[in-house]
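The block underneath contains the structure these notes are about, expressed in structure tokens.
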Amino acid sequence: MNAIKKQSKKTIPLPFSVYFWTVTFLAMAGLAVSVYLTVSHYRVYTDISYSSFCAISKAINCDTVSQSSYSIWPSMGPRLTVGLRHELQKESKWQ
């Protein structure tokens with residue numbers, strides 16, 4: 001039993017550039033998707049003949065999602081403003 005020793009392996013972290021470029025790529029991909037979905041959402045409402053590339057079938061259809069009532073939040077701006085103001089006031093009380 002003593003002949004078999006467990007070797008402890010040290011984990012070596014990856015260089016900073018690997019993490020930086022991975023996070024940058026993922027952030028840019030997320031930004032690109034959000035811009036595409038925003039443009040698609042407005043084109044569905046303004047152009048009758050518009051059909052996005054993900055309108056594949058009745059079950060898989062991004063245009064249907066863009067037209068649902070859940071895709072429009074007219075009161076989201078005021079809600080975010082009130083929520084942010086509340087959080088800032090809460091933080092200032094503790095300082």
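Below are the figures for this structure:
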| quantity | calculated |
| --- | --- |
| Candidates K5, K58 - the one that is at pLDDT 80 or above and either among the charged types (D, E, K, R) or loosely packed, with under 10 Cβ neighbours inside 10 Å (or both) | K58 |
| Residue that is at pLDDT 85 or above, surrounded by 10 or more Cβ atoms within 10 Å (Cβ to Cβ) and of a type in the set (K, R), where the choices are R85, R43 | R43 |
| Failed item, numbered, when L80 is tested on (1) modelled with pLDDT under 70; (2) surrounded by 10 or more Cβ atoms within 10 Å (Cβ to Cβ); (3) in a loop (DSSP other than H, G, I, E, B) | (3) |
| Qualifying residue in segment 9-18 (condition: of a type in the set (D, E, K, R), surrounded by 10 or more Cβ atoms within 10 Å (Cβ to Cβ) and either at pLDDT below 85 or not in a helix (DSSP H, G or I) (or both)) | no |
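The values are calculated or read from the model by the stated rules, or taken from the named source; none is laboratory data. For clarity, every value in this text was computed on a predicted model and none was experimentally measured. Heads up, the Cβs are rebuilt from the backbone with ideal geometry, glycines too, and the neighbour counts pull from every protein chain shown.
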